Amino acid sequence: MATTSIQVNETPLVLYLLRRADDALILGHRLSEWIGLGPILEEEMALGNIGLDLIGQARSLYAYAAEAEAAGNDEDKFAYLRDAPQYRNLLLAEQPNGDFGQTMVRQLFYSAFADLYWRAMTESHDATLAAIAAKSEKESAYHLRHSSEWVIRLGDGTEESHARVQEAVDLLWPYTGEMFECDATERTLVDGRTIIDPATLRDAWDHTINAVLSRATLTRPKNPWMQGGGRAGRHSEHLGHLLSTMQHVQRTYPGAAW
Amino acid sequence: MYTQGLSNPDAPAPAKAVEDAGLAARFQDRVDAEERIEANDWMPEAYRRTLTRQISQHAHSEIIGMLPEGNWVTRAPTLRRKATLLAKVQDEAGHGLYLYAAAETLGRSREEMFDDLLSGKAKYSSIFNYPTLTWADMGAIGWLVDGAAIMNQIPLCRCSYGPYARAMIRVCKEESFHQRQGYEIMVALCRGTPEQKAMAQDALDRWYWPCLMMFGPPDGDSTHSDQSTRWKIKRFSNDELRQKFLDALVPQAEYLGLTLPDPGLRFEPGAGDAVKDGAMKDGVRGHWRHGPINWDEFRQVLAGNGPCNRERISARRRAHKDGAWVREAAAAYAAKQAKQKRAA
């Protein structure tokens, strides 16, 4: 009987790697949903490009997780044979694309974090992670630039675009807190200098976001309440639908090689 | 600004009569001498119109062609397949961009050409009006559709119009990569489970005939060919290209262990086929001959009655409409920035 779902031995390092890989894959998948729907051809290419970078990051992280777990899992088993509660991504990454403004705000929030995060992670004492970080940092810097420029353009564009993008900021804001969480599992890796504590990036992220929102003439939401749960596998309703699409072929033909 | 500058509405006069016979003769001499015609060179109005039509149709085909494959990006069965398919569709957007840029050098703006696509005035390759029903269609499209496109496009790298020829060099390199990618998908399916192999056969059954039709009507019926051949836009006839495609296709299908859905398919030996060393010269090699093509289906799809004609155009119209506020915002922002710059 071919496998239709896998169990993962979530050591701290494996769990950590899956969390970051899942962020990149789920967000990359969301961007790939834009094919054929972009507002202008150049943007279809750019969204595809960012999506490809993220899927590439996910693959490197899954490959390392497979190596660290050494239980016969691989990138495709991690991606295609885990159900929603086994996914560890940020809730932000799985939020639907909405309109182009919403996609760009989601990207801005994530990339402003990822840019800082991967830059700091280049100092990891784990050589593999430092190498993945070095590649991801370059890509994230471009993603941040691209999404910032669009949020500024849309925020300071027309009355309609301003209203739409402000609505997106308000909608997605409660999902930004989760990026800075560091639970007991990750704490052990922080202590070993394998990873950094994301909470240390908070001020720098605020600084970037405040600057972009201000240039975009947008208002930073006041409500401090933040949603969480993604890191522990408690997701929004959206992830199940995403996975049912993404995993459809693998689950229909269990065990086949593609 | 560049495009607006070029899209002068009263520029292209349909005034065949006023064209200088001397200029026309010199133009043809240059074409005959295999010189490249460049954007600022004199050219007959009909040459300009033919190329604008052909290059913009080609660009539209790339843009519409993103949709059937985009249909499977979110369902690609492995991360490697997902990444390569996404990259492929992105290449197609890139081809669309180069080709619109090449067509713009002839005087029509990308916006005008794109509007013609959305209004249904401009055509695109009919092949994209067929649906992609299983993952195997990603293999079949790469192998067959891109394979047919390459047969058509390699000769265009030597097209007399420089900007088109140069765009095609890059496009062809990427297309041949796409074709290998598609064939590799087929190889994996044909080496897989019986269900996967059946999926591959079903995809071949659906795409074979539409791909033979991609080369256009038989030589006797083609309306644009003679003049295009004189202008060295077209180097081979529709039937010649179809023949090259079929001769390449048959052994590839055989290698996969798949059957072409063509009961009339037969090999017509050439004079040199008795020679066993494989070093046969052109003209003595035999050819595979296909059975009768259902040209009525081709005409129906061309007339808008293919399985996906309406869906493809309405998807592009919807995207364009949904993106209007984004384009307006970008223009408004740019105008504000320009105003501030002037004030400073």
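Below is a table of values for the structure above.
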read-out	value
Residue ID - nearest to B:Ala315 (Cα to Cα), chosen from residues in the range B:75-89 that are more than 24 Å from the chain's Cα centre (by Cα) and facing another protein chain (nearest Cβ under 7 Å)	B:Arg75
Conditions (1) within 26 Å of A:Gly48 (Cβ to Cβ); (2) more than 11 Å from chain B (Cβ to nearest Cβ); (3) not in a helix (DSSP H, G or I): number failed by A:Gly157	(2)
Filtered residues of the range A:219-249 (kept if farther than 15 Å from A:Ile26 by Cα and open to solvent by less than 20 Å² (accessible area, probe 1.4 Å))	A:Gly229, A:Val249
Residue that is farthest from B:Glu174 (Cα to Cα) [pool: residues in the range B:34-85 that are assigned to a helix (DSSP H, G or I) and polar (S, T, N, Q)]	B:Thr50
Filtered residues of the range B:45-62 (kept if touching a Phe, Trp or Tyr at 6+ places or on another chain (Cβ under 7 Å) and either among the β-branched types (Val, Ile, Thr) or surrounded by fewer than 17 Cβ atoms within 10 Å (Cβ to Cβ) (or both))	B:Ile55
Counted residues, the range A:72-90 - those being open to solvent by 10 Å² or more (accessible area, probe 1.4 Å) and among the basic types (Lys, Arg)	2
Qualifying positions in the range A:23-57 - facing chain B (nearest Cβ under 7 Å) and part of a helix (DSSP H, G or I)	A:His29, A:Ser32, A:Leu41, A:Glu44, A:Met45, A:Gly48, A:Asn49, A:Gly51, A:Leu52, A:Ile55, A:Gly56
The lone exception for B:Asp146 - which of (1) in contact (Cβ under 8 Å) with a residue 40 or more places away in the chain; (2) surrounded by 21 or more Cβ atoms within 10 Å (Cβ to Cβ); (3) closer than 20 Å to B:Leu249 by Cβ; (4) of a type outside the set (A, V, I, L, M, F, W, C) it fails	(1)
Boolean, A:Gly72 is assigned to a loop (DSSP other than H, G, I, E, B), free of Cβ contacts under 8 Å to residues at least 12 places away in the same chain and small (Gly, Ala, Ser)	yes
Test result for B:Ala303, modelled with pLDDT under 95, out of contact with any helix residue (DSSP H, G or I) (no Cβ under 8 Å at 6 or more places or on another chain), assigned to a helix (DSSP H, G or I) and not charged (D, E, K, R)	yes
Selected residue (criterion: farthest from the other protein chains (Cβ to nearest Cβ)) from residues of the range B:95-110 that are part of a loop (DSSP other than H, G, I, E, B) and surrounded by fewer than 19 Cβ atoms within 10 Å (Cβ to Cβ)	B:Gly107
Residue in the range A:142-156 that is surrounded by fewer than 24 Cβ atoms within 10 Å (Cβ to Cβ) and of a type in the set (A, V, I, L, M, F, W, C) present	yes
B:Ala13, sole failed condition from (1) open to solvent by 40 Å² or more (accessible area, probe 1.4 Å); (2) modelled with pLDDT of 95 or more; (3) of a type in the set (Gly, Ala, Ser)	(2)
Selection from the range B:290-314 of residues that are within 25 Å of A:Gly36 (Cα to Cα), more than 14 Å from chain A (Cβ to nearest Cβ) and β-branched (Val, Ile, Thr)	B:Val301
One residue from A:Ala130, A:Ala134 being away from every other protein chain (no Cβ under 14 Å), over 26 Å from A:Gly229 (Cβ atoms), in a helix (DSSP H, G or I) and open to solvent by less than 30 Å² (accessible area, probe 1.4 Å)	A:Ala130
Any hit, the range A:3-20, residues being at pLDDT 95 or above, under 15 Å from the mean Cα position of the chain (by Cα), farther than 29 Å from A:His125 by Cβ and of a type outside the set (Lys, Arg)	no
Filter result for A:Val151 (within 14 Å of another protein chain (Cβ to nearest Cβ), among the aliphatic types (A, V, I, L, M), assigned to a helix (DSSP H, G or I) and within 19 Å of the chain's Cα centre (by Cα))	yes
Selection count where residues are touching an Asp or Glu at 6+ places or on another chain (Cβ under 9 Å) and under 25 Å from A:Lys138 (Cα atoms), scope the range A:34-44	3
Identity of the residue in the range A:163-201, open to solvent by less than 60 Å² (accessible area, probe 1.4 Å) and within 11 Å of chain B (Cβ to nearest Cβ), that ends up nearest to A:Leu90 (Cα to Cα)	A:Val165
The lone exception for B:Glu38 - which of (1) closer than 24 Å to B:Gly107 by Cβ; (2) out of contact with any strand residue (DSSP E or B) (no Cβ under 9 Å at 6 or more places or on another chain); (3) not polar (S, T, N, Q) it fails	(2)
Residues (at pLDDT 95 or above and not in a helix (DSSP H, G or I)) located in the range B:307-344	B:Pro307, B:Cys308, B:Gly323
Those residues of the range B:182-198 which are within 12 Å of B:Leu256 (Cβ to Cβ) and more than 7 Å from chain A (Cβ to nearest Cβ), in sequence order	B:Gly182, B:Tyr183, B:Glu184, B:Ile185, B:Met186, B:Val187, B:Leu189, B:Cys190, B:Arg191, B:Lys197
Residue satisfying all of: in the range B:315-344; basic (Lys, Arg) and open to solvent by 70 Å² or more (accessible area, probe 1.4 Å); farthest from the other protein chains (Cβ to nearest Cβ) among these	B:Arg342
Conditions (1) more than 21 Å from A:His238 (Cα to Cα); (2) outside any helix (DSSP H, G or I); (3) open to solvent by 30 Å² or more (accessible area, probe 1.4 Å): number failed by A:Gly98	(1)
Verdict on B:Ala140 being more than 14 Å from chain A (Cβ to nearest Cβ), modelled with pLDDT of 95 or more, farther than 26 Å from B:Trp231 by Cβ and within 18 Å of the chain's Cα centre (by Cα)	yes
Residue that is more than 21 Å from A:Cys182 (Cα to Cα) and either small (Gly, Ala, Ser) or surrounded by fewer than 19 Cβ atoms within 10 Å (Cβ to Cβ) (or both), where the choices are A:Ala66, A:Ala112	A:Ala66
Test: residue in the range B:63-75 that is over 30 Å from A:Tyr80 (Cα atoms) and either aromatic (Phe, Trp, Tyr) or open to solvent by 50 Å² or more (accessible area, probe 1.4 Å) (or both)	no
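The values are calculated or read from the model by the stated rules, or taken from the named source; none is laboratory data. As the structure is a computational prediction, the values presented were derived from the model and not from experiment. Every residue, glycine among them, receives a Cβ derived from its backbone with ideal geometry; neighbour counts consider all protein chains shown. For the accessible areas, the whole protein counts, side chains as well, though only heavy atoms, and no ligand, DNA or RNA atoms are used. Shrake-Rupley method; radii C 1.70, N 1.55, O 1.52, S 1.80 Å.
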